[in-house]
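Student: Before I ask anything, here is the structure I am working with.
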Amino acid sequence: MVRVESLRRYPVKSCGGEDPDTVLVDARGLAGDRLWAVVDVEGKLASGKDSRRFRRRDPVFDLQARLVGQVPEVRLPQSEWTRVDEPGADAWVSGHFGAPVAFREEGEVSHMDAGRVSIVGSATLAAMREADARRFRANLVVETDTPWIEETWLDADLRIGEVVLRPVQRIQRCRMVDIAQDGVPPRPGLLKSLARERDLHLAVYADVVQPGRLTRGDDAVVI
């Protein structure tokens with residue numbers, strides 16, 4: 001049996017997140033997680049990498065986000081919070097990016113990468129000499145004794161409080177683990193270390209089998 005050490009939600013994709021004590025989990029994942037994104041005129045999501053859906057736009061990492069009711073608020077360091085749906089929000093964020101962008105709620109194109117909920121073990125973080133899980137943008141940190149043990153849970157069920165998750169794949173990492181984002185300083189060379197030691201993988205994605213409520217400190221049992 002393991003225990004949920006922390007929860008983290010990212011109301012706006014690629015922006016900094018928040019640490020709720022309790023969160024609802026639905027079929028999509030943590031309620032409100034990555035439900036909004038910063039989108040450019042071509043419809044690509046601001047991220048730390050370029051792909052079919054994403055465009056590398058590092059100014060997104062300067063933004064912090066929190067969920068207030070059903071709508072996120074964002075801010076820059078030392079600035080006031082701004083609701084993403086209020087008049088002027090798009091102009092404000094475009095000024096920060098130096099390019100036309102806008103806040104958009106998820107539509108037909110998913111904001112998720114490859115899984116609903118991301119999970120990493122505390123022993124894995126320790127093995128990578130990384131005390132701050134924000135670097136890997138995981139939704140759940142579970143207290144573990146053995147590094148990488150979460151990778152052995154693939155295709156099993158993980159019951160946490162009311163929720164049942166099913167880990168389905170390892171997470172392949174990109175340059176975001178090296179750069180300053182979500183309140184952590186840059187750590188150059190970490191991606192190369194992951195490539196050498198772990199084939200670029202750290203943590204796992206899980207699908208939601210049974211929705212419900214998750215709370216920090218809940219026991220997690222592999223079924």
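Student: What residue, among those in segment 15-57 that are at pLDDT 95 or above and touching a helix residue (DSSP H, G or I) at 6+ places or on another chain (Cβ under 8 Å), is nearest to ARG216 (Cα to Cα)?
Tutor: In this case the residue turns out to be GLY17.
Student: Go through segment 125-148 residue by residue and tally those that are part of a helix (DSSP H, G or I), touching a helix residue (DSSP H, G or I) at 6+ places or on another chain (Cβ under 7 Å) and either more than 15 Å from VAL4 (Cβ to Cβ) or not assigned by TED's automatic domain parsing to the domain that holds ALA195 (or both).
Tutor: 2
Student: Next question. Being farther than 25 Å from LEU202 by Cα and at pLDDT below 95: is that true of GLY98 here?
Tutor: The answer is no for GLY98.
Student: From the set of residues in segment 169-205 that are touching a Lys or Arg at 6+ places or on another chain (Cβ under 9 Å) and β-branched (Val, Ile, Thr), which is surrounded by the most Cβ atoms within 10 Å (Cβ to Cβ)?
Tutor: Ranking the qualifying residues of segment 169-205, first place goes to VAL204.
Student: Among the listed residues GLU80, GLU151, GLU108, identify the single one that is farther than 24 Å from ASP21 by Cα and assigned to a loop (DSSP other than H, G, I, E, B).
Tutor: After applying the criteria, what remains is GLU108.
Student: Now for a separate question. Just the residues that are of a type outside the set (Lys, Arg), under 15 Å from the mean Cα position of the chain (by Cα) and surrounded by fewer than 23 Cβ atoms within 10 Å (Cβ to Cβ), please, taken from segment 18-32.
Tutor: GLU18, ASP19, PRO20, ALA31
The values are calculated or read from the model by the stated rules, or taken from the named source; none is laboratory data. It should be emphasised that the depicted structure is a prediction, and the values quoted were computed from it without experimental measurement. All Cβ positions, glycine included, derive from the backbone under ideal geometry; neighbour counts span all protein chains shown.
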